[in-house]
Amino acid sequence: MKNVFAFDLTESSLSDFSHPGFRRAFECYFSEMEISVDDWEAVYREMAVSGAQALLLCSPDGETEAFLLYAVLPFSSSFFEGSAAFVQEFWVAPPLRGQGLGRRLLRSAEKRFSAQGLSLVLLTSDTAEHFYLHCGYRRAAGIHAKNDCPVFLRCLPE
């Protein structure tokens, strides 16, 4: 990763996951978590089929320096119906952490969620609890993640 400043980065979005810079960043993220993947193409196809979308912060040369992967989760019961935004994956390149890029990307995603009529954001995290609490999220008592990570939520302002 190069020496990049926050003002050098441009924001973009994608839903087909063919962007080479995104793929390098996503694979780096999994490597950091020590998760090996046998078939990356299958992972990217599944992400596209599931309706996931990504917001990217890219350097002038097209490298993805941060990304936030999300999906819209519909819910329904005999009493309620609606949707929530679910932040599936969130990553900032290691040399750029602590410079406000994560907050910038999260706030941008929240604006998109609000524009889509989504007022509830859910996510899980096993490494960044303090970050999410600082950004206005709270632990979601009574909601259990299948990966056993803590669940956080935020109701977006109207």
Legend entry - Sites matching chymotrypsin sites (Phe, Trp or Tyr not before Pro) across segment 56-89 that sit in DSSP coil, with at most 11 neighbouring C-beta atoms within 10 Å: PHE79, PHE80
Legend entry - the chain, dipole about Cα centre (Lys/Arg Cβ +1, Asp/Glu Cβ -1), debye to the nearest 20: 640
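Mean Kyte-Doolittle of at least -1.0 plus a Cα span of 15 Å or more along the axis: flag which DSSP H helices in the chain meet both, please.
On the way: long enough: 20-32 (18 Å, -0.57); 101-115 (21 Å, -0.64).
In the chain, the long hydrophobic H runs are 20-32, 101-115.
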Inset, instruction - Quickly estimate the mean residue ellipticity at 222 nm for the chain, helices only: each DSSP H run with n ≥ 4 gives -39500 (n - 2.57), and the total goes over all residues, rounded to 500. - result: -8500 deg cm²/dmol
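Bear in mind that the values in this text are calculations on the coordinates, not laboratory data. Quick caveat: nothing in here was measured; it's all calculated off a predicted structure. Cβ coordinates were reconstructed from backbone atoms using ideal geometry, including for glycine residues, and neighbour counts include every protein chain displayed.
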